[in-house]
Each structure stands twice: as C-alpha cells, then as structure tokens.
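Nothing in this text is a laboratory measurement; each read-out follows from the coordinates by a stated rule. Here the structure is a predicted model, which means the values were calculated and not measured. A quick note on method: Cβ atoms are made from the backbone with ideal geometry, for glycine too, and the neighbour counts reach across all protein chains shown.
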Amino acid sequence: MSRMIRALALCAAMMPLAAQAATVEVKMLSHAANGGRGFEPAIVHIQPGDTVHFIASDPGHNAQSITGMIPDGATPFAGQMGHDLSVTFSKPGLYGYKCLPHYFLGMVGMVVVDKPVNEAAAKAVSQPGAAKIRFDQLFAQLDHS
Ligand SMILES: [Cu+2]
C-alpha cells in the first residue's frame, strides 16, 4: 500500500469520530398521537454534542427540564411559551422535561444522551397527575428499547 493510500484509509477509519453533530426535531403538539397534548417523538436518543430542536408546532406550549430528572452537573433548560427552543446536550444521561402549563396533564418527554445513567434517580422524582402515568409509559418504553 502506498503511503498516500494508507493515509486515506486512516482518514476513513477516523471518520466516525469526526462525524458532525446531529439535530433532532421534537414537535410540541396540542393533538399528539395519543390524542392529547404531547411531544413527538416523546423519547429521542442522541449522542453528546447533538441538538434537540423543540418546534412550537402548536401555540401555548414550552419545553423545560424537570428538577431531579437531569444528570448531575447538567444545565437545566427552559423555553418560552409558544417559541421554538434549541438545546445542545453534552452530558450523557436521561433528561426528563415538561410543558409547564400541561405538566399535570402528562405533557412530558425524555431525551436520552448516550446512556440513561441517571435513570433510577429520574424515576424516583414524584410526578403530578397524568405526568406519572405518562412517565411510567415512557420508562417502560425506554427499558424495552
Ligand atoms: Cu403544553
């Protein structure tokens, strides 16, 4: 193998490390697949450095992290009502989030960055109203994915 070809092969082998960060879209909806208000998709799996773009598809919603449901040392986030929000996630772990006015109605979602290392702590957070039912569904989905 010539030195040039060897160098090219090395570059190709290293490509995944240099892969561009991805952006994933999550819609904030008044009529999600389950019939009620919700985030779609409700669970997204991404890698550190990737961005989630929350889209204000319908008015009157936001996305904000739930205290106790993000990894240690991670930065909480909170979008403005009715506005898109882009969040870049760097720390691995599970991020539980809510729509503030519809939290108790179960408008919640999860972002999983690499592995849900803080899943047990996130599960232990007490949830209001229908948010508990919805999170039970999402955790069950996560555990079987
Ligand atoms: Cu909402």
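Which net charge results for the neighbourhood of Asn62, defined as the other residues with beta-carbon distances under 14 angstrom from its beta-carbon, given Lys and Arg at +1 and Asp and Glu at -1? In short, +1.
Between Ser126 and Gln47, the modelled labels are 4.1 nm apart [label points 7 Å from Cα along Cα→Cβ]. Contact order for the chain, expressed relative to its length and based on alpha carbon pairs under 8 Å spaced 6+ residues apart, stands at 21 percent.
Each Cα pair under 8 Å and six or more residues apart adds its sequence gap; the mean of these over the residue count of region 83-145 is a relative contact order of 34 percent.
Each peptide among 67-79, 35-47 gets the average number of other Cβ atoms lying within 10 Å of its residues, and from highest to lowest they stand as 35-47, 67-79. Note on the chain: lysine pairs with Cα distance below 20 Å, sequence gap of 8 or more or different chains, count 7. Computed over the chain, the per-residue total of -39500 (n - 2.57) for DSSP H runs of n ≥ 4 gives a 222 nm mean residue ellipticity of -6500 deg cm²/dmol, rounded to 500. Helix 3-14 versus the longest principal axis of the chain: what is the Cα-based angle in degrees, 0 to 90, to the nearest 10? Compared with the principal axis, the helix lies near 10 degrees. Rounded to the nearest 20, the Cβ-based charge dipole of region 21-143 about its Cα centre (Lys and Arg +1, Asp and Glu -1) stands at 260 debye.
Farthest towards the positive end of the charge dipole of region 21-143, among the residues Pro128, Ser30, Gln141, is the Cα of Pro128, using unit charges on the Cβ of Lys, Arg, Asp and Glu.
Segment Asp84..Ser145, full-extension length gain: 19.2 nm, with 0.36 nm per residue of separation and the alpha-carbon distance subtracted. Extents of region 86-145, taken as max minus min of Cα coordinates on every principal axis and listed largest first, are 29, 28, 18 Å. Summary of the geometry: region 35-69 and region 85-132, compared by the centres of their Cα atoms, lie 9 Å apart. Counting 0.36 nm for each residue step from Glu25 to Lys115 and taking away their Cα separation leaves a gain of 30.5 nm. Angle between the Cα long axis of helix 130-143 and the longest principal axis of the chain, 0 to 90 degrees, nearest 10? Approximately 30 degrees, to the nearest ten.
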